[in-house]
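The values are calculated or read from the model by the stated rules, or taken from the named source; none is laboratory data. Just so you know, these numbers come straight off a predicted model, no measurement behind them. So basically every Cβ, Gly included, is an ideal-geometry build from the backbone, and we count neighbours across all protein chains shown. Accessible surface is based on the protein model in full, side chains and every heavy atom, while ligands, DNA and RNA are left aside. Shrake-Rupley method; radii C 1.70, N 1.55, O 1.52, S 1.80 Å.
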Amino acid sequence: YTALAGFVEPGENMETAVAREVHEEVGVNVNHQSINYISSQAWPFPQSCMIGFHAKTNAADGLASINIDPKEIVDARWFEKEDVYLAARDTDMMGAVLDRQVVEAQQANGNWTGSLLVPSKGVLARTLVDHWLEE
């Protein structure tokens, strides 16, 4: 799993883009006042930049229903902080894992028993995860 991502439309400010993209991808309405800039990272396409934000839902209990758009995203879930912390620790131990065979070998050797990995350090999505874990 990773962070949601999208593009800013012409004439749109960053905060509006965050709210729109979250709603388009997972059907969750965010509280516009909660949208908070965290960090940025260069994007490999010329003259582009990724900008990372945190936001909270408008749901009274904090966990809005997720309704993914299958044209936009394969899966989305809410995670408990402890589970994400353990996944970050496991990801750091195993390094960047993009190959399922590497994961299966780690599981077979008893080096990883979890079911969740997060992005590796050094990418914006991981910065967002780490910032949330530190809150």
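Which order do TRP112, TRP78 take when ranked by solvent-accessible area (1.4 Å probe, heavy atoms of all protein chains), largest first? Write down the numbers at each step before the final one.
On the way: TRP112 15, TRP78 110 Å².
Descending order: TRP78, TRP112.
Scanning residues 5 or more positions from VAL118 or on other chains, those with amide H under 5 Å from its amide H are THR91, with H placed 1.01 Å from N in the peptide plane.
Give me the extension gain from SER40 to TYR85: residue separation times 0.36 nm, minus the current Cα-Cα distance, reported in nm with one decimal. Please list the in-between numbers first.
Details: separation 45, 0.36 × 45 = 16.20 nm, distance 2.20 nm.
Extra length available between SER40 and TYR85 comes to 14.0 nm.
How big is D for region 3-131, in µm² s⁻¹ as a whole number, if Stokes-Einstein is applied with the Kirkwood radius of its Cα pairs at 10 °C and 1.306 mPa s?
The Stokes-Einstein estimate is 97 µm²/s.
Solvent exposure of TYR1, expressed as accessible area, is near 100 Å², computed with a probe of 1.4 Å over the protein chains only. Net charge within 12 Å of ASP69 by Cβ-Cβ distance, Lys/Arg positive one each and Asp/Glu negative one each, not counting ASP69 itself? Summing Lys/Arg as +1 and Asp/Glu as -1 gives -4. Residues whose amide H falls under 5 Å from that of ALA59, counting only those 5 or more places apart or on a different chain, are ALA64, with hydrogens built in the peptide plane.
Taking the 1.4 Å solvent-accessible surface of the chain as the whole, the part contributed by carbon and sulfur is 52%.
The helix-based estimate of mean residue ellipticity at 222 nm for the chain, built from -39,500 (n - 2.57) per DSSP H run of four or more residues and divided by its residue count, is -10500 deg cm²/dmol to the nearest 500. Basic side chains Lys and Arg get +1 at the Cβ, acidic Asp and Glu get -1 at the Cβ, and with that the dipole of the chain about its Cα centre reaches some 200 debye.
Write out the trypsin sites (Lys or Arg not before Pro) in region 1-71 meeting two conditions: DSSP loop, and at most 10 other Cβ atoms within 10 Å of their Cβ. Here the trypsin sites (Lys or Arg not before Pro) that fit, given the DSSP loop and packing criteria, are LYS71.
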